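Let me begin by presenting the structure, written as structure tokens, before commenting on it.
Each reported figure results from applying straightforward, stated rules to the coordinates on display, with no laboratory input. All values reported here derive from a predicted model rather than from experimental measurement. Ideal geometry is used to build each Cβ from the backbone, glycine not excepted, and the neighbour counts take in all protein chains shown.
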Amino acid sequence: MRAEIDPFHAIGVSHLAHELKAKGASIIHMEFGQPSTGAPAAALAVAHGVLDSEAMGYWESPQLRARIARYYHERYGLEVAPGRILLTCGASPALLLALISAFEPGDRVALARPGYVAYRNTLKALGLVPVEIGCGAESRFNLTAAQLAALDPAPAGVIIASPANPTGTIIPKAELAAIAGVCRERAVRIVSDEIYHGLSYVEPAHSMLEFAPDALVINSFSKYFSMAGWRLGWLLSPADHAPIPRTYASNLFLTPPSLAQHAALAAMDATDELDGHVAVYRRNRELMLEALPRLGLRSIAPPDGAFYIWADIAHLTDDSLAFCKQLLRDTGVATAPGIDFDPVEGGHFIRFSFAVSTAEVEEALRRITPWFAARGG
Ligand SMILES: Cc1ncc(COP(=O)(O)O)c(C=O)c1O
């Protein structure tokens, strides 16, 4: 079972950031994709009440599953039976359960490169074979139906991410439909990671479920709902498949935290507060997109969603990890090296996360502008 798992280098950058902070440096954390805001006020109020009144045993909230089912109706116009929803400790175990329940060891599973580092690593840990498809600026770093149709032999599965990490780009509706069509024809099982839904600046993201009713869909309270540390997410499976991941979950993880489930139910109705965060990210995105070309970072795909900018720094380095560390030491601005997301091209990319306050984005830009200028930006 032992697999070779690649390290997450952004964690190394983050450790360095904390070391520098302990020595008195002022650090702006743009290396991780997590909201700097806490859980919505209504969720916190519920959590305080539950702490004082409940024993909190093993539990999967029927109310929360029903509320998530309603979310699919409200957001995408889809009818989903609550029994198809499995509550998990975040999207990470939902991904694991989706892969374990849908594939056999040795199955090939396609995914975009660049992509979220855990896709490749989780596939490898399960004895599945990642088939990374290089996706460049021409497709805004997203996987296309044509690329999937051209894979020979057809893979057993594909992981779709829209909006994507590290690019924030969204796969357009027609392309999602075309991907679903190719997968239907070629019997490719779809796992769709929809963790950044709710965070879009151009057009709302569509769920893969609209086009592929048998897709396995994962989602989480970590991003839009601003509850990363509460460790809660879900896996949505077709009705005839749902018992399989549920059986695994009850053996591997039992249930997710009760406290988080109570709080999340309230968070799902905290739309004004949560949309307020999106308004902050929208402003941060504008500031970054205005500033980066002036720094010489012109090769960027403007993100449609999430809170990332994937920037090509080929004119400056092919060692993105050393670059991020130097940038951090000199300016206190922590970023993620591209090698985490793309083992082939990632040496000349970095990822900025703008899930911080607007004041921090302004300060980060003020600090990095002369730094890039000194390097010919
Ligand atoms: C694309 C993507 N999927 C899944 C996750 C895992 O999220 P969590 O386990 O916190 O729900 C992340 C975290 O950054 C992510 O970026």
Self-check item: Rounded Å value of the spacing that divides the Cα centres of the stretch 93-127 and the stretch 294-330
Solution: 27
Quiz item: What's the center-to-center distance, using Cα atoms, between the stretch 333-377 and the stretch 176-208 in Å?
Solution: 28
Practice problem: With springs connecting C-alpha atoms under 10 Å apart, model the chain as a Gaussian network and identify which of D52, D272, D330 has the largest mean-square fluctuation. | Solution: D52
Practice problem: Can you pull the one-decimal nm distance between simple spin-label points at A22 and S250, each 7 Å off the Cα toward Cβ? | Solution: 4.5
Practice problem: Taking H placed 1.01 Å from N in the peptide plane, check which residues at least 5 places from I28 or on another chain put their amide H under 5 Å from its amide H. | Solution: V333, A334
Quiz item: For the stretch 33-184, what is one quarter of the convex hull surface built on the Cα atoms, given in nm²?
Solution: 11.6
Exercise. Per DSSP H run of at least 4 residues, take -39500 (n - 2.57); add these up for the chain, divide by its residues and hand me the 222 nm value, nearest 500 deg cm²/dmol.
Key: -12500 deg cm²/dmol
Quiz prompt | Most mobile listed residue (A334, A177, A45) in the chain, GNM with C-alpha springs under 10 Å | solution = A45
Self-check item: Extended-chain gain in nm, criterion 0.36 nm per residue less alpha-carbon gap, A81 and R184
Solution: 34.8 nm
Quiz item: Just how large is the dipole of the chain about the Cα centre, in debye to the nearest 20, putting +1 at every Lys and Arg Cβ and -1 at every Asp and Glu Cβ?
Solution: 360
Quiz item: Could you give the radius of gyration (one decimal) and Dmax (whole number) of the Cα atoms in the stretch 122-199, in Å?
Solution: 12.4, 35
Quiz item: What are the residues whose amide H is under 5 Å from the amide H of Y308, where those residues sit 5 or more places off or on another chain and H is modelled from the backbone?
Solution: F354
Quiz item: Across the Cα atoms of the stretch 206-245, what radius of gyration and what greatest pairwise Cα-Cα distance (Dmax) are found, in Å?
Solution: 12.0, 32
Exercise. Please work out how much length the chain gains when fully extended from E273 to V131, using 0.36 nm per residue of separation minus the C-alpha to C-alpha distance, in nm with one decimal.
Key: 47.1 nm
Practice problem: Work out, in µm²/s and without decimals, the Stokes-Einstein translational diffusion coefficient of the stretch 210-331 at 4 °C, 1.567 mPa s, Rh from Kirkwood over C-alpha pairs. | Solution: 71
Exercise. Can you run the Rg to Rh ratio on the stretch 141-272? Use alpha carbon positions and the Kirkwood inverse-distance Rh.
Key: 0.99
Self-check item: 29 Å Cα-Cα reach of K124 towards lysines, excluding residues that sit fewer than 8 places from it in its own chain
Solution: K223, K325
Quiz item: Can you list, largest first and rounded to whole Å, the semi-axes you get for the chain by taking the square root of 5 times each eigenvalue of its Cα gyration tensor?
Solution: 32, 26, 19
Quiz item: Of all the C-alpha pairs in the stretch 259-349, what % are more than 16 Å from each other?
Solution: 65
Quiz item: By the gyration tensor of its Cα atoms, with a ≥ b ≥ c the square roots of the eigenvalues, what is the shape of the stretch 19-109: rounded for a/c under 1.5, prolate for a/b over b/c, or oblate?
Solution: oblate
Quiz prompt | Contact order relative to length of the chain, as percent, for alpha carbon pairs under 8 angstrom and 6 or more apart | solution = 25
